[in-house]
Amino acid sequence: MEGMQQIFSDFFSTVGVVDSIRVTLIMSFWSTLIASLLGITLGFALERKQFPGKRAVIRLNRTLMGAPPVVIGLLTYMLLRKKGPLGSLRWVFTIQGMVMAQVLIITPIICGMVYSYAVQKAPAIRAFAKTMGADRKQTGRLLLREMKNELYFAVVSGYGRSISEVGAVFLVGGNIKNNTRTMTTAISTLKGAGDYYEGVFLGVILMLMAFAVQTLADHFRKEETGDENF
């Protein structure tokens with residue numbers, strides 16, 4: 001028993017598992033929150049507004065939805081490096097810089113998904129709200145309530161992309177042990193060292209974390225009791 005405890009203790013201290021869990025949770029929470037606020041707002045705005053070049057903007061967003069994360073990470077690094085436009089922030093090799101890279105990756109995904117859902121459902125919801133005499137704020141609340149399942153799926157998809165990212169956070173964060181090393185970059189480090197079983201074990205922990213967050217989100221979603229009044 002003591003031998004097993006020693007093995008786990010050595011493993012956790014070698015790759016900095018505890019700190020990588022902490023960094024992963026902080027980074028994924030803030031990046032998903034910020035990207036969700038931006039993506040949902042932009043998605044509804046893109047569906048609602050008519051302006052010259054709208055089709056080009058939609059195509060650009062769809063292109064960014066599939067953009068290689070490592071490219072986004074490189075661009076973020078160039079922006080944040082000492083000689084870059086945002087060098088004064090000193091976010092290179094920090095969690096803040098990693099969050100910024102993740103937001104740039106996730107926001108187009110959430111925006112594109114919300115836009116696609118809104119195109120299908122939002123016009124009918126707005127028409128119904130208008131017949132009921134709802135004002136702009138009431139219509140907005142109705143939209144959010146009627147599309148909460150779609151918005152939930154978009155946010156969860158963004159969160160899944162956040163915790164699974166390797167390339168961008170590696171470039172911007174630097175994979176510094178006990179500082180900016182995430183679960184995914186820790187797995188990559190273990191693989192590079194030939195510690196495959198340890199990498200799989202860490203991957204299981206990551207999957208359990210994702211499952212726990214998903215279960216918690218489902219619980220709160222089911223517990224919601226929406227008010228049927230505007």
Being part of a helix (DSSP H, G or I) and under 21 Å from GLN96 (Cα atoms), is that true of even one residue in the range 176-184? yes
Name the one entry in VAL114, VAL103, VAL92 that is farther than 18 Å from SER36 by Cα and either buried (at least 19 other Cβ atoms within 10 Å of the Cβ) or of a type in the set (Val, Ile, Thr) (or both). VAL92
Any residue in the range 167-186 that's in contact (Cβ under 8 Å) with a residue 12 or more places away in the chain and farther than 15 Å from LEU202 by Cβ: show its pairings with residues that are buried (at least 24 other Cβ atoms within 10 Å of the Cβ) and charged (D, E, K, R) at Cβ separation under 9 Å, as long as the two are six or more apart or on different chains. GLY173/ARG181; GLY174/ARG181
PHE51 being assigned to a helix (DSSP H, G or I), of a type in the set (Phe, Trp, Tyr) and at pLDDT below 95: no
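The values are calculated or read from the model by the stated rules, or taken from the named source; none is laboratory data. Owing to the predicted nature of the structure, the values given are computational and were not obtained by experimental measurement. Cβ: placed from backbone, ideal geometry, glycine included. Neighbour counts: every protein chain shown.
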